[in-house]
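Structure first, then comments.
The values are calculated or read from the model by the stated rules, or taken from the named source; none is laboratory data. What you are looking at is a predicted structure, and each value in this text was computed from that prediction instead of being measured. Cβ sites come from the backbone with ideal geometry, for glycine too, and all protein chains shown count toward neighbours. Just so you know, the surface numbers come from the protein's heavy atoms only, side chains and all, with ligands and any DNA or RNA stripped out. Shrake-Rupley method; radii C 1.70, N 1.55, O 1.52, S 1.80 Å.
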Amino acid sequence: GAGVSQSPSNKVTEKGKDVELRCDPISGHTALYWYRQSLGQGLEFLIYFQGNSAPDKSGLPSDRFSAERTGGSVSTLTIQRTQQEDSAVYLCASSPLRQGNEKLFFGSGTQLSVL
Amino acid sequence: SQQGEEDPQALSIQEGENATMNCSYKTSINNLQWYRQNSGRGLVHLILIRSNEREKHSGRLRVTLDTSKKSSSLLITASRAADTASYFCATDARQAGTALIFGKGTTLSVSS
């Protein structure tokens, strides 16, 4: 497909376990974002990959969160030792990044539930 | 932080009425964008207005930007039940390479 793909769409895990969330951006898009959205809340910025530049990790809430983007394409967000407060929808978005931030294309998100 | 703040938090109107949502932000920006979200999952881009633009139209949408007041408004004319959704503004600061930050959103309910 031509859109941003996220997997899994739903993930249920036990407190203390590690989880990996995957994002396949639109081909050719150099910018990739991860956001988190708790129920009924706005989007919380987590991390921003911009081409070959160092990622902006300023939004990661703790050192349990990390993300990588391999080959400038697929990205994985890893949460170690999950806590109940990590339960949220994790959204990925990509952008062509021509002149600064252009419009973002979002995936459908991963609903993470930590029991 | 240049995070936008939308108001009102919630808005209920009848079909055919106009809906106006406002967004305020704190620092100088490159551009401001509006997005719509249905059912709490992926967002859809509506419109982008650059810092040197004052007004932009797209179908039934009209966006204004007042950089002196650091505010923007989104007007949806002749609303429909299908416009029921959450609406978010997003801004990026003027410095190159800054991330796009979203506000908390306005929840719009349009009843028929």
Which of (1) under 24 Å from B:Gln33 (Cβ atoms); (2) in contact with a Leu (Cβ under 8 Å, 6 or more places away or on another chain); (3) open to solvent by less than 50 Å² (accessible area, probe 1.4 Å) is the odd one out, the single condition A:Leu32 does not satisfy? (2)
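Every residue in the stretch B:52-70 that is among the hydroxyl-bearing types (Ser, Thr, Tyr), within 24 Å of A:Phe105 (Cα to Cα) and surrounded by 15 or more Cβ atoms within 10 Å (Cβ to Cβ), please.
Listed by number, the list holds a single entry, B:Thr64.
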Name the residue, out of A:Leu32, A:Leu77, that is at pLDDT 95 or above, part of a strand (DSSP E or B) and among the aliphatic types (A, V, I, L, M). A:Leu77
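Residues are listed down the side, and each one gets a yes or a no for (1) within 14 Å of chain B (Cβ to nearest Cβ); (2) assigned to a loop (DSSP other than H, G, I, E, B); (3) modelled with pLDDT of 95 or more:
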{"residue": "A:Gly3", "(1), (2), (3)": "yes, yes, no"}
{"residue": "A:Val12", "(1), (2), (3)": "no, no, yes"}
{"residue": "A:Lys15", "(1), (2), (3)": "no, yes, yes"}
{"residue": "A:Glu20", "(1), (2), (3)": "no, no, yes"}
{"residue": "A:Gly42", "(1), (2), (3)": "yes, yes, no"}
{"residue": "A:Phe49", "(1), (2), (3)": "yes, no, no"}
{"residue": "A:Ser66", "(1), (2), (3)": "no, no, yes"}
{"residue": "A:Gly71", "(1), (2), (3)": "no, no, no"}
Cβ-Cβ under 7 Å pairs, at least 6 apart or on other chains, the stretch A:35-50 side farther than 17 Å from B:Cys89 by Cα and open to solvent by less than 30 Å² (accessible area, probe 1.4 Å), far side assigned to a loop (DSSP other than H, G, I, E, B) and of a type in the set (D, E, K, R): A:Ile47/A:Lys57
Working only within the stretch B:35-66, note down all residues that are more than 10 Å from every other protein chain (Cβ to nearest Cβ), in contact (Cβ under 8 Å) with a residue 40 or more places away in the chain and in a strand (DSSP E or B). B:Arg36
Test A:Ser62 against the criterion of being open to solvent by less than 50 Å² (accessible area, probe 1.4 Å) and either among the basic types (Lys, Arg) or assigned to a loop (DSSP other than H, G, I, E, B) (or both), and give yes or no. yes
Just the residues that are free of Cβ contacts under 8 Å to residues at least 60 places away in the same chain and buried (at least 20 other Cβ atoms within 10 Å of the Cβ), please, taken from the stretch B:1-34. B:Leu32, B:Trp34
